[in-house]
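The values are calculated or read from the model by the stated rules, or taken from the named source; none is laboratory data. Keep in mind it's a predicted model, so treat the numbers as computed, not measured. Every residue, glycine as well, gets a Cβ built from its backbone with ideal geometry; the counts of neighbours run over all protein chains shown. All accessible areas refer to the heavy atoms of the entire protein, side chains included, with ligands and DNA or RNA removed. Shrake-Rupley method; radii C 1.70, N 1.55, O 1.52, S 1.80 Å.
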Amino acid sequence: MKKLLILRRCEPIVRFSCCSVRYGECRRNHAASTGGYAIDGCREFIAEGEEGTGGALKCAACGCHRSFHRRIQVYEVSWDYASDTSSTE
Ligand SMILES: [Zn+2]
Ligand SMILES: [Zn+2]
């Protein structure tokens with residue numbers, strides 16, 4: 001009797017859902033007026049106020065506008081295993 005071997009395909013389906021945005025280090029040159037170069041060393045934008053208010057665009061750590069901070073697009077990755085659930089036992 002022949003033995004039938006069934007290989008089940010179990011390939012992950014990777015989903016990228018973009019659209020979460022974070023803001024990294026501040027790149028505002030505080031010495032631009034004097035021709036020099038000095039950044040404030042702020043590592044990450046933290047909103048001073050609630051979303052929808054003026055404070056949401058201002059950094060609580062260094063006081064600069066959000067646009068001075070490096071924009072980071074965060075991709076959320078989720079795996080989905082397309083395994084068939086039919087019993088083979
Ligand atoms: Zn700053
Ligand atoms: Zn900052």
Scanning segment 35-82 residue by residue, the ones that are farther than 30 Å from PRO12 by Cα, surrounded by 12 or more Cβ atoms within 10 Å (Cβ to Cβ) and among the β-branched types (Val, Ile, Thr) total 2
Condition first: open to solvent by 100 Å² or more (accessible area, probe 1.4 Å), modelled with pLDDT of 95 or more and under 25 Å from GLU76 (Cα atoms). Now tell me which residues in segment 6-34 satisfy that.
none
Pairs, first under 13 Å from ASP40 (Cβ atoms) and in contact (Cβ under 8 Å) with a residue 24 or more places away in the chain in segment 57-68, second in a helix (DSSP H, G or I) and near ligand 2 (Cβ under 8 Å from one of its atoms), C-beta under 8 Å, six or more apart:
CYS59/PHE68
